[in-house]
Every structure is written in C-alpha cells, then in structure tokens.
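Structure first, commentary second.
The values are calculated or read from the model by the stated rules, or taken from the named source; none is laboratory data. Note that the coordinates shown come from a computational prediction; the quantities given were computed from them, not determined experimentally. With ideal geometry, Cβ positions are generated from the backbone for all residues, glycine too; neighbour counts draw on all protein chains shown. Please note that ligands, DNA and RNA were not included when accessible areas were found on the heavy atoms of the full protein model with its side chains. Shrake-Rupley method; radii C 1.70, N 1.55, O 1.52, S 1.80 Å.
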Amino acid sequence: MGTAPDRQDDPVHDVEVLRKIAVDVAVSAGRFIVDDRPVTLSVTTKTTDTDVVTDMDQRAQDLIVTALRERRPDDGFLGEEEGSTRTGRTGITWVVDPIDGTVNYLYGIPAYAVSIAAVVGDPQTTGGWRPVAGAVVNPVMGHTYSAAEGAGAQRIDASGRSMTLRVSDLSDLSQALVATGFGYAADRRAWQAAVLAGILPDIRDIRRMGSAALDLCRVAEGSVDAYYERGLNAWDLAAGWVIVTEAGGTVSGRSDAAPGSDLVVACGNALRAPFVERLERAMSECDVTSA
Ligand code: IPD
Ligand code: CA
C-alpha cells in the first residue's frame, strides 16, 4: 500500500506519508487550541449571528498553514478561515478545518476537533475531488483518528492504544442511532428540523454532537450507525470521509452523487439502502428550494 492507485510510483503522492503529516500537524494544532486558549476568547461572527469564529480558529489555521508549507511547499491549501486558499503544483491540496465544532469550543464542551486531509482534485467542486489521507484530532479526549486510501483507518486513544476502525454492521433501520447536524441559517435549520421529524419515528434515536468531523469518525468506529447533514463544506467533510471509507463504510451525496453541500450521508453498507431510502423520502417531502 502506499501510493494512491492513480499515482503509482510517485513518491509525492505516498498516502502513508500524507497521513503521517496530517496526524503530526493536527496533533500539534490540537495541543495549541487547548493549551493556548485565552481566558477570554475574542469572538466574531461569519454567515449569521450564530456562526461564530474565535481568534483561536484563525491562529490555529495560521499554525497549520506554516507547518504544512514547511513540509509540502508545492501543495495547494484550502482552509475554513481567512487567507488560506492556494493552488499547488503537485495535485495534492490540504483541506483544513482548524476547529470543527467551534460552538462547542466556545462553550467548553469537549466535542471539537482539528481536521486535516490531503485531497486530489478540486475541493471547491462537488464530485471533482476525493481525500486520499486525513486526520481528525479531538484534543480534549486525546483521540486521534486517521486513514490513508487503501491502508485502513485507525484511532489512537489518550493512552497510546491503537484500534483499527470498523463501521457498524447494523441493517435494521429501526435500531439505528443516527448523528446529524444543523447549519447556521434559519431557513436551513427549519428544513433540517422538518427532515429530522420525518425520520425520527423510524430510527432508534438522533444525536447532535456539534462537530461533523467527529460525527464521521463516530460512524467509522461504529459508535453511531449513520450520519447525515445538508450544508457541509469541504473542510468539515474531507478527513472524515476517507476515515469512514477506510473503515468499510460509504460516504455519498443525494441520489448516489458525490458528497457535498447538498447532502452528506455516511453509514455502513448493511444500513445504506434502508437509511438512504428513508432519508431521501423525508427530504423529498420537505421543500428543499428554500434551504
Ligand atoms: C460545524 C460543525 C457542526 C455542523 C455544522 C458545521 P464549525 O462546523 O461541524 O457540527 O453541524 O454544519 O458548520 O462551524 O464548527 O467549523
Ligand atoms: Ca471550523
């Protein structure tokens, strides 16, 4: 294993090297956001009044940009925060969310993560890219999730124990524990609540934990059976996507399209057909045009 299947013999695309870089940089950024958190965070808003960003999101991203540039000066970069889009020359782009779960970070709820992925293709399109390696680090729990294409997914816990990740093999929709998330715009949230009301009677329960990257890692480790959300950006999705896939699951969009802002659905293969059918029915019963 080592290189992405379409870039054999090319050391620049060695996916194990990319995975290790993603892990190292995400672990140090994770340490930074916990250890250097000021007593009072400076907070501003982005798309809506509830879409917050703290000074630590920007500082963590700056640290990640510097670390990646030192190791991989010719790669591209796409990050959630300001000043971070760069086209590279290698065909690899680093897609980064310095803090996924910023609202949890603000409130001190230990469910936020640093998410770093190496992708091929253009991450600003839907369907034109895929992650080949990635890492998601929850610095408070001490969990490091990572994967490389063709080489499996793993979680290293706070005491250094490593575990190979495997999605749940559940097939019975009525028993499924499903994670989801909500966007920041009122219209989008109203639509998401309506879809949720549609599927809720037909599943075990819902979890809304507040970090899409960690939700995807939960699917990969089987601690939820499925995850779906409308409105994700590439940085929320990229690292978790390869982690789920390498744990034996699938990540897709609406009507089997590639995952993207329209929809991301992640689950094990046994649950896929009943879950996707129920979710798409609930979505088609709600007016999607406004959200
Ligand atoms: C958000 C989180 C949340 C999800 C939102 C994302 P952010 O990312 O992943 O769980 O529901 O859609 O925007 O804003 O904390 O980086
Ligand atoms: Ca973020």
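Which is within 12 Å of ligand 1 (Cβ to nearest atom) and assigned to a helix (DSSP H, G or I), of GLY240, GLY231, GLY183? The conditions single out GLY240.
Quick one: is ILE109 within 18 Å of MET141 (Cβ to Cβ) and away from ligand 2 (no atom under 14 Å from the Cβ)? Taking the combined requirement at face value, the residue satisfies it. Selection within the range 273-288: residues that are more than 13 Å from LEU196 (Cα to Cα) and free of Cβ contacts under 8 Å to residues at least 40 places away in the same chain. The member of this set that is most open to solvent (accessible area, probe 1.4 Å) is GLU277. Here GLU229, GLU280, GLU221 are screened, and the one residue that is outside the structural domain of TYR105 (by TED's automatic domain parsing), among the charged types (D, E, K, R) and within 26 Å of PHE77 (Cβ to Cβ) is GLU229. Every test in (1) more than 16 Å from ligand 1 (Cβ to nearest atom); (2) closer than 17 Å to TRP129 by Cα; (3) outside any helix (DSSP H, G or I) is passed by LEU18 save one, and that test is (3).
Identification of strands (runs of 3 or more DSSP E) wholly contained in the range 55-171 with 3 or more residues that are under 22 Å from PHE32 (Cα atoms) and open to solvent by less than 70 Å² (accessible area, probe 1.4 Å) yields 76-79, 92-100, 113-121, 129-138, 143-148. Against the list (1) within 16 Å of ligand 1 (Cβ to nearest atom); (2) under 20 Å from VAL17 (Cβ atoms), the condition ILE109 fails is (2). Going by the structure shown, is SER174 surrounded by 22 or more Cβ atoms within 10 Å (Cβ to Cβ) and farther than 23 Å from PRO98 by Cα? Answer is no for this residue. Listed by first and then second residue, the pairs with beta-carbon distance under 7 Å, at least 6 apart or on different chains, first residue in the range 214-227 and open to solvent by 10 Å² or more (accessible area, probe 1.4 Å), second polar (S, T, N, Q), are LEU214/ASN138; GLY222/SER168; ASP225/SER168. In the range 186-213, of all residues being open to solvent by 20 Å² or more (accessible area, probe 1.4 Å) and within 16 Å of ligand 2 (Cβ to nearest atom), the one that is farthest from ASP262 (Cα to Cα) corresponds to MET209. Looking only at the range 244-259, residues that are open to solvent by less than 30 Å² (accessible area, probe 1.4 Å) and in contact with a Lys or Arg (Cβ under 9 Å, 6 or more places away or on another chain) come to 4 in all.
The set of residues in the range 34-54 that are of a type in the set (A, V, I, L, M, F, W, C) and open to solvent by 50 Å² or more (accessible area, probe 1.4 Å) comprises VAL34, VAL39, VAL43. Summed over the range 80-105, the residues that are within 20 Å of ASP55 (Cβ to Cβ), modelled with pLDDT of 95 or more and either more than 11 Å from ligand 2 (Cβ to nearest atom) or not β-branched (Val, Ile, Thr) (or both) give a count of 6. Taking the conditions exactly as written (basic (Lys, Arg), within 16 Å of ligand 1 (Cβ to nearest atom) and in the same structural domain as LEU106 (by TED's automatic domain parsing)), does ARG59 satisfy them or not? So ARG59 fits the description; yes.
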